[in-house]
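Each remark here refers to the structure printed beneath this line.
No lab work stands behind these numbers, since they all come straight from the coordinates. Predicted, not measured: the structure shown is a model, and the values here were computed from it. Here the Cβ is made from the backbone with ideal geometry for all residues, glycine too, and neighbour counts use every protein chain on show.
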Amino acid sequence: MYACVCFRGAFSEVVLAEEKRTQRLVAIKCIPKKALEGKENNIENEIAVLHRIKHPNIVSLEDIFESTSHLYLVMQLVSGGELFDRIVEKGFYTERDASQLIHQILDAVKYLHDMGIVHRDLKPENLLYYSMDEDSKIMISDFGLSKIEGAGSVMSTACGTPGYVAPEVLAQKPYSKAVDCWSIGVISYILLCGYPPFYDENDAKLFEQILKAEYEFDSPYWDDISDSAKDFICHLMEKDPLKRYTCEQALQHPWICGDTALDKNIHESVSAQIKKNFAKSKWKQAFNATAVVRHMRKLQLGTSLEGPSQITPTTAIKPKTNYFILDKISSLFRIALKCKFTIIYDVCGKVFSHTTTLICHEM
């Protein structure tokens, strides 16, 4: 198996991997059990949600493995990069493009809601392209904050990402799946102008804007945007959750299912605002996973290490070498998948940012 560290978060690490037998690429989320202490319910909830869902626009959980020290979630690989990156890279981008994106998101979230699942953290960073293909579909990821609605249960936990959370969440009122629809409204707004509807360096003032649902369609950024698009956003970013559009209602709006989305190129304005208002996330970098694996094969890095005695997770590696031991991967492949994979700890490190390193291994 080939594996490549795609990113490291505060509590987990995601690794690009290729199954030796099928050459199928997957992403493995490696979670130290120590990081889960006191949060066991969170991961159990995420796994319970992922086990229930299967939709073409939602990243799927394919398998689970466990060692004495780590939990490993084998996820469907999405390698097309983040939403904003793709928009900026485009030379031509229209309302219709945005409408088609939102249509896919609405369809997936409607599926979740029909299953009794609320995502609770919909935002551009959690929207990934399936592949590098020009016509790639969009995928919803990260169900760490998702919740399965129980019979008669009420959600009241304040969670989500500032700027995308609904007013009722900030007001600490009981809320429903309508919070996801608000978030889709915010995302739609950003897709059409490149900046968020709510912004302030001071969190208290930001929350005050959201609580009042105070937003505008500023000139000149919205001058060339259709009234239909603005109407669609207003129905999703409705302060009263009882009056807010559901996903089903939003899918019936003419901006989504009709022909009111304009074909005028708005790329220059939108991409400029995206670059200005949205700094790169710590972990995001679009990469072609297949190309990475092919590159590793060509370089023929390392030799196969079949036995655990040849390199152990505690082997000391001098910092001056470009080697890095992944004890997480060691635990996974030695304990859970010993019969399928061999292990080599070679690293070709390419630093994408001060916090993100792409590390490739041949296993």
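See the values below:
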read-out	value
Of Lys39/Lys110; Lys54/Lys243; Lys110/Lys137; Lys54/Lys239; Lys110/Lys177, those spanning more than 20 Å from alpha-carbon to alpha-carbon	Lys39/Lys110; Lys54/Lys243; Lys54/Lys239
C-alpha center-to-center spacing [the range 168-233, the range 87-106] in angstrom	18 Å
Assigned charges on the beta-carbon of Lys, Arg, Asp, Glu; the range 2-135 dipole about Cα centre (debye)	300 debye
Global form of the range 95-241, assessed from the alpha-carbon gyration tensor, a/c cut-off 1.5	oblate
Sites Asp203 and Gln23, calculated FRET efficiency, Cβ-Cβ separation with R0 56 Å, nearest 0.05	0.75
Separation of the Ala171 and Gln252 label points, Cα + 7 Å toward Cβ, nm	2.6 nm
Relative packing of peptides 139-146, 179-186 - highest average C-beta neighbours within 10 Å first	179-186, 139-146
